[in-house]
Amino acid sequence: MSSRVKHRGQGTDMEVSADSRPHPSTVPALLGAAHPGPALAVTVLAALLGTALDLTPDRVVLVTAAVFCGQLSIGWSNDLVDLSRDRAVGRRD
């Protein structure tokens, strides 16, 4: 069963499908919206700093995963905030 739900946010209107299957282009779009280059650079830096500080391996993994998740959320929220401006100027990336 696929139902559509209207979501209204800060200047952004979008339809969200209640269907649990992702659209074929969803994963590449999410990866692109996360700004993978800077996200990866910051994540690697956090891992290197954790290692340099002699954290235990499980702590390094935990810190690295937390920083990576934070970077993803920053990239996605940044794109959401900029959505209306991007649409106004015709940006489609």
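What does the extension gain come out to for SER73 and SER25, with contour length at 0.36 nm per residue minus their alpha carbon separation?
Length gained between SER73 and SER25: 15.4 nm.
For region 47-93, what is the per residue volume of the convex hull drawn over the alpha-carbon atoms, in cubic angstrom? Write down the numbers at each step before the final one.
Working: hull volume 3.4 nm³, N = 47.
Taking the convex hull of the Cα positions in region 47-93, it is 72 Å³ per residue.
For region 27-89, what does the relative contact order come out to in percent, with C-alpha contacts under 8 Å and a separation of six or more?
Result for region 27-89 is 43 percent.
If r is the Cβ-Cβ distance from VAL44 to LEU80 and R0 is 22 Å, what FRET efficiency results, to the nearest 0.05?
The pair VAL44/LEU80 has a calculated efficiency of 0.30.
Laboratory data are not the source of any read-out in this text; all were calculated from the coordinates shown. Remember, predicted model here, so these are calculated numbers, not experimental data. Methodologically, a virtual Cβ is constructed for each residue, glycine included, from the backbone with ideal geometry; neighbour enumeration extends over all protein chains shown.
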